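To keep things clear, I will list the structure first and then write my remarks on it.
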Amino acid sequence: MPFEMFPNLQIYDTGYCVLFAKSVEPDVLLSRIVDSDVTSLLINRDEADAIKALGEDIEAEDVPGLDVDELETAGLLVNSGPLLRAGAYQGWSFVIESEGPYLAGDAIIKAASLGTIAFCARLSETGASWISYAENGEIMSSFDPLFVDRGYGNRPEVLDRLTGYRSAVSHGDRAEAYENALRQIQERLGCLIPISADADRLYAVRVPGQY
């Protein structure tokens, strides 16, 4: 897959879960999917990596552009839940979660899709993958790209009609089924996001009580 495309396993090498929603601002998208009163701060990808790795042991020199006291007050230093970052690019918002499965929950995807469309892609460190697509609070399709006929959803044909992802999977290498499906969906839906859009400071929250 192109290195310049977001999401990218060469950046999130321990896996990721990413949720996209069309025509929804990042802060609004976060408020839809975080079912608690949390405080967001602006942090970049490298700072997020440092926070996840060090947690409460982080020092000011580890994140020189941030205030450690503010991080603690916002709850970002507690390693008891997913750390989410939300941004936007050309009409689409996205939320990225390194490693964990929080964003892949049906209730989360349904909430993100209210009044619009949303899809979620998850890839674990072991290579397990899953893709879901929703419209206006309804899961239309949810599947493992290796077994596209064994998924679920109220109208699974909708996503294939919009994107042709089944053809991309069936005509490609089986080992690349997830990558082929994801890139086909992104291209056809128009959310071709470069990884640079995720590099700068974005809204970030820690969701307590999860995992």
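Label separation (Glu72 vs Ala107): 3.2 nm, computed from points 7 Å beyond Cα along the C-beta direction.
Between Glu157, Glu47, Glu61, the residue with the greatest mean-square fluctuation in the GNM of the chain (Cα pairs under 10 Å linked by springs) is Glu61. Where q = 0.07 Å⁻¹, what log10 of I(q)/I(0) comes from the Debye formula for the chain, counting one point per Cα? So the normalised log intensities are -0.20.
With the simple spin-label model, which puts each label point 7 Å out from Cα in the Cβ direction, the Ala53 to Ser170 separation comes to 4.5 nm. Per-residue packing, averaged as other Cβ atoms within 10 Å, sorts the ranges 33-44, 167-178, 106-117 into the order 106-117, 33-44, 167-178, beginning with the highest. Ranking Phe147, Phe94 by solvent-accessible area of protein heavy atoms (1.4 Å probe, all protein chains present), from largest to smallest, gives Phe147, Phe94. Using the Cβ-Cβ distance between Arg188 and Glu61 with R0 = 45 Å, the FRET efficiency computed as 1/(1 + (r/R0)^6) comes to roughly 0.50. Per-residue ellipticity at 222 nm from helix content only, as computed over the chain with -39500 (n - 2.57) for each DSSP H run of at least four residues, stands at -7500 deg cm²/dmol. Axis of helix 177-189 versus longest Cα principal axis of the chain: the two differ by about 90°, to the nearest ten degrees. Subtracting the Cα-Cα distance of Arg155 and Leu114 from their residue separation scaled by 0.36 nm leaves 13.1 nm. Across all Cα atoms of region 97-145, the radius of gyration (one decimal) and Dmax (whole number) stand at 10.7, 34 Å. In terms of packing, defined here as the mean over residues of other Cβ atoms within 10 angstrom, the peptides 66-79, 121-134 line up highest first as 121-134, 66-79. Hull volume per residue, based on the alpha-carbon atoms of region 54-102 and their convex hull, is 107 Å³. Note on region 128-211: percent of Cα-Cα distances in each 5 Å bin, starting at 0 and stopping at the bin with the largest distance, equals 3, 13, 20, 19, 16, 14, 10, 3, 0. Distance from the Cα centroid of region 17-39 to that of region 128-181 is 23 Å (rounded to whole angstrom). The fraction of Cα-Cα pairs per 5 angstrom bin, counted from 0 for region 70-163, comes to 3, 12, 20, 22, 19, 13, 6, 3, 2, 0 percent, rounded to whole percents.
With all projection directions averaged, the alpha carbon convex hull of region 146-190 covers 2.9 nm².
Report Rg/Rh for region 1-76, rounded to two decimals, where Rg is the Cα radius of gyration and Rh the Kirkwood radius.
My calculation puts Rg/Rh at 1.00.
When the alpha carbon gyration tensor of region 167-211 is reduced to an equivalent ellipsoid, the three semi-axes, largest first, read 29, 17, 9 Å.
The values are calculated or read from the model by the stated rules, or taken from the named source; none is laboratory data. All values reported here derive from a predicted model rather than from experimental measurement. Cβ coordinates were reconstructed from backbone atoms using ideal geometry, including for glycine residues, and neighbour counts include every protein chain displayed. Heads up: the accessible areas ignore ligands, DNA and RNA and are worked out on the full protein's heavy atoms, side chains in. Shrake-Rupley method; radii C 1.70, N 1.55, O 1.52, S 1.80 Å.
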